[in-house]
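A.B. asks: Shown below is the structure under consideration.
The values are calculated or read from the model by the stated rules, or taken from the named source; none is laboratory data. Nothing here was measured: the structure is a model prediction, and the numbers come from that model. Cβ: placed from backbone, ideal geometry, glycine included. Neighbour counts: every protein chain shown.
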Amino acid sequence: MNSFNEIKDNAEGSWDRNWYMSQTKAGNRAKQKLLTPREIEVVVGCLIGDGTLSQSGKEYRLRIEHSAKHIGYVEWKYRLLQRICAAPIQYVLTHNSQRFGTVGHPQLTALRQMWYQPLKQIPPELRLTPLIVAIWFMDDGTKHRDTVDISVHNFSDESLIILRHQLKNFGVETTVNSDGKGKRLYIKKHSYPIFKKLVKPYINKCMAYKLP
């Protein structure tokens, strides 16, 4: 007769295998789904901001991680991308952060090829939308007196030209300033009302403090 501990260990092992198999099946199903236009907007907004594409098997996946105090923002992103996620949000004790990742997906691999050269830069074919701008701002933007600015530390001059041109299409004029860490895209004060009207419908409650 098996001991209680043996029965318990066998049950736990079975649960682990079943959980792993269910996650694998969910991941495989997610890989077969075509991204919706809204999901692509979310991914692109994250790529301009804090998101990264990392290899997962043969494909690439999007990784999202923010401070634990911004859990509402992480949950909002997760809900928008849940169709292509196979695991829930996780708390990272060492970073005091919340994170999640999508599955490795062929369309994300295609985006990786467009965005990394080899460092992340803005592809010439980028077309900003209000949602993309809002995510970018929530990721990297800060309040600056009566307006806002957005960190663009890692982008080339060519990338900044693309971003500024795309914002100008919405009537938002910008300048490029520098701080101790690098370049920042400054929204001119007279353009701030236009910028606020553009992004406010998408600003998550826990990120609203970034808007004057």
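A.B. asks: Mind telling me which of the residues 190, 153, 165 ends up being in a loop (DSSP other than H, G, I, E, B) and surrounded by fewer than 17 Cβ atoms within 10 Å (Cβ to Cβ)?
C.D. replies: Working: 190 fails: in a loop (DSSP other than H, G, I, E, B); 165 fails: in a loop (DSSP other than H, G, I, E, B).
The unique qualifying residue is 153.
A.B. asks: If you scan region 64-85, which residues turn out to be in a strand (DSSP E or B) and in contact with a Ser or Thr (Cβ under 7 Å, 6 or more places away or on another chain)? Walk me through it before giving the result.
C.D. replies: Taking region 64-85 and keeping what is in a strand (DSSP E or B), we get 64-67.
Those that are in a strand (DSSP E or B) and in contact with a Ser or Thr (Cβ under 7 Å, 6 or more places away or on another chain): 65, 66, 67.
A.B. asks: Can we say residue 174 is out of contact with any Leu (no Cβ under 8 Å at 6 or more places or on another chain) and over 30 Å from residue 58 (Cα atoms)? Give the steps one after another, and end with the answer.
C.D. replies: On the way: out of contact with any Leu (no Cβ under 8 Å at 6 or more places or on another chain): no; over 30 Å from residue 58 (Cα atoms): yes.
It is false that residue 174 is out of contact with any Leu (no Cβ under 8 Å at 6 or more places or on another chain) and over 30 Å from residue 58 (Cα atoms).
A.B. asks: Next question, about the same structure. Can you tell me how many residues within region 48-58 are in a loop (DSSP other than H, G, I, E, B), of a type outside the set (Gly, Ala, Ser) and either under 16 Å from residue 115 (Cβ atoms) or not assigned by TED's automatic domain parsing to the domain that holds residue 91 (or both)?
C.D. replies: 1
A.B. asks: Checking the condition part of a loop (DSSP other than H, G, I, E, B) and within 25 Å of residue 155 (Cβ to Cβ), which residue from 111, 126 passes?
C.D. replies: Answer to the check: 126.
A.B. asks: Conditions: (1) more than 21 Å from residue 206 (Cα to Cα); (2) outside any strand (DSSP E or B). Residue 61 meets all but one. Number of the miss?
C.D. replies: (2)
A.B. asks: Quickly run through region 31-41 and pick out the residues that are within 18 Å of residue 135 (Cα to Cα) and in contact with a strand residue (DSSP E or B) (Cβ under 9 Å, 6 or more places away or on another chain).
C.D. replies: Result: 35, single match.
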